[in-house]
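A.B. asks: Before I ask anything, let me first share the structure, which is written out below as structure tokens.
The values are calculated or read from the model by the stated rules, or taken from the named source; none is laboratory data. None of these values were measured; they are calculated from a predicted model. Glycine also receives a Cβ, built like all others from the backbone with ideal geometry; neighbour counts cover every protein chain displayed. These area figures cover heavy atoms from the full protein model, side chains too; ligands, DNA and RNA do not enter into them. Shrake-Rupley method; radii C 1.70, N 1.55, O 1.52, S 1.80 Å.
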Amino acid sequence: MSDVFKARLLKGVQQLGLELPDTSIDRLLAYHALLVKWNKAYNLTSVRDAHEMIDRHLIDSLSMLHSVGDGQLIDVGTGPGLPGMVIALIRPELPVWLLDSNGKKTRFLNQVKMSLNVDNATVIHHRLESWQPELKFAQITSRAFATLSDMVSFSRHLLASDGRFLAMKRQYPDVEIADLPQDIKVIAVNPLRVPGTDGERHLVELGFQ
């Protein structure tokens with residue numbers, strides 16, 4: 001079965017136009033195996049089928065990789081590490097912080113960090129709006145936040161003055177963009193092509209005016 005998952009992952013990576021070393025593919029598959037195992041007991045994701053997880057979680061998260069820069073990154077409301085842990089696994093030089101208020105999900109992420117030696121990842125179990133670290137982040141990612149305005153209002157205290165919000169959305173978020181605060185500018189809205197999945201995907205890049 002692992003060969004089937006590897007073939008599916010490799011096909012998606014190729015269709016995304018990415019070139020990943022064998023070590024990165026192996027780490028992603030090891031993460032996928034842990035996610036499948038833990039999901040049976042802890043309900044980390046509503047996607048139950050292990051094959052679908054390759055497309056809807058791993059490939060989907062990888063689709064935004066072209067827009068990820070070099071400054072330290074925090075993935076807010078990361079859940080089981082989507083897209084944050086996926087990014088951390090294939091960008092070992094990039095400091096990635098993974099924040100979620102759900103204890104089951106952060107325990108899973110700590111297990112992944114320990115099992116796969118993800119030394120560049122830091123797991124934070126906290127409510128986003130009340131977490132007040134001293135550092136600021138160059139990049140704030142999210143994949144399942146309710147609205148863009150909520151993402152901005154709950155996490156703006158974490159973003160550096162020249163930093164970027166990178167929000168994954170399904171349909172083009174016209175209404176959500178219109179509801180953004182006046183001091184937030186839209187840098188870009190790029191369609192994402194996610195092999196193996198149906199429907200639209202977009203990556204919304206935001207910053208301070």
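A.B. asks: Is one or more of the residues making up the range 73-84 open to solvent by 50 Å² or more (accessible area, probe 1.4 Å) and either in a helix (DSSP H, G or I) or among the small types (Gly, Ala, Ser) (or both)?
C.D. replies: No: zero hits.
A.B. asks: Tell me which residues, restricted to the range 45-65, are acidic (Asp, Glu) and either in contact (Cβ under 8 Å) with a residue 12 or more places away in the chain or surrounded by 22 or more Cβ atoms within 10 Å (Cβ to Cβ) (or both).
C.D. replies: The answer is ASP55, ASP60.
A.B. asks: Go through the range 133-150 and give me each residue that's assigned to a loop (DSSP other than H, G, I, E, B) and either in contact (Cβ under 8 Å) with a residue 60 or more places away in the chain or out of contact with any strand residue (DSSP E or B) (no Cβ under 6 Å at 6 or more places or on another chain) (or both).
C.D. replies: Correct list: PRO133, GLU134, LEU135, ARG143, ALA144, PHE145, ALA146, THR147.
A.B. asks: Applying the selection to the range 25-57, what residues are of a type in the set (A, V, I, L, M, F, W, C), closer than 21 Å to ALA146 by Cα and in contact with a Leu (Cβ under 7 Å, 6 or more places away or on another chain)?
C.D. replies: LEU44, the sole residue that qualifies.
A.B. asks: While we're on this one: Give the residue, chosen from PHE108, PHE165, PHE137, PHE145, that is under 17 Å from the mean Cα position of the chain (by Cα) and open to solvent by 30 Å² or more (accessible area, probe 1.4 Å).
C.D. replies: PHE145
A.B. asks: Show the residue pairs meeting these rules: Cβ distance below 7 Å; 6+ apart or different chains; first residue within the range 66-82 and under 14 Å from THR106 (Cα atoms); second residue modelled with pLDDT under 95 and of a type in the set (Phe, Trp, Tyr).
C.D. replies: Hits for this filter: GLY77/PHE145.
A.B. asks: So is PHE154 surrounded by 16 or more Cβ atoms within 10 Å (Cβ to Cβ), under 16 Å from the mean Cα position of the chain (by Cα) and in contact (Cβ under 8 Å) with a residue 24 or more places away in the chain or not?
C.D. replies: So PHE154 does not fit the description; no.
A.B. asks: Sticking with this structure for a sec: Look at LEU9 and say whether it is part of a helix (DSSP H, G or I) and within 21 Å of ALA144 (Cβ to Cβ).
C.D. replies: Against the criterion (part of a helix (DSSP H, G or I) and within 21 Å of ALA144 (Cβ to Cβ)), LEU9 does not qualify.
A.B. asks: Of all residues in the range 168-204, how many are under 16 Å from the mean Cα position of the chain (by Cα) and closer than 18 Å to GLY77 by Cβ?
C.D. replies: Within the range 168-204, residues that are under 16 Å from the mean Cα position of the chain (by Cα) and closer than 18 Å to GLY77 by Cβ number 7.
A.B. asks: If LEU99 meets every condition in (1) open to solvent by 10 Å² or more (accessible area, probe 1.4 Å); (2) closer than 18 Å to LEU89 by Cβ; (3) not in a helix (DSSP H, G or I) apart from one, which number is that one?
C.D. replies: (1)
A.B. asks: How many of the residues making up the range 15-53 are among the aliphatic types (A, V, I, L, M), under 30 Å from GLY163 (Cα atoms) and not in a loop (DSSP other than H, G, I, E, B)?
C.D. replies: 2
A.B. asks: Another question, then. Just wondering, is there one or more residues in the range 168-183 that are closer than 23 Å to ASP60 by Cβ and in contact (Cβ under 8 Å) with a residue 40 or more places away in the chain?
C.D. replies: There is at least one residue in the range 168-183 that is closer than 23 Å to ASP60 by Cβ and in contact (Cβ under 8 Å) with a residue 40 or more places away in the chain.
A.B. asks: Kindly indicate whether SER130 is closer than 17 Å to THR78 by Cβ, open to solvent by 50 Å² or more (accessible area, probe 1.4 Å) and without any contact (Cβ under 8 Å) to a residue 60 or more places away in the chain.
C.D. replies: Taking the combined requirement at face value, the residue satisfies it.
A.B. asks: Taking PHE165, is it on the phi < 0 side of the Ramachandran plot and modelled with pLDDT under 95?
C.D. replies: no
A.B. asks: Would you call ILE124 buried (at least 22 other Cβ atoms within 10 Å of the Cβ), at pLDDT 95 or above and under 30 Å from LYS185 (Cβ atoms)?
C.D. replies: no
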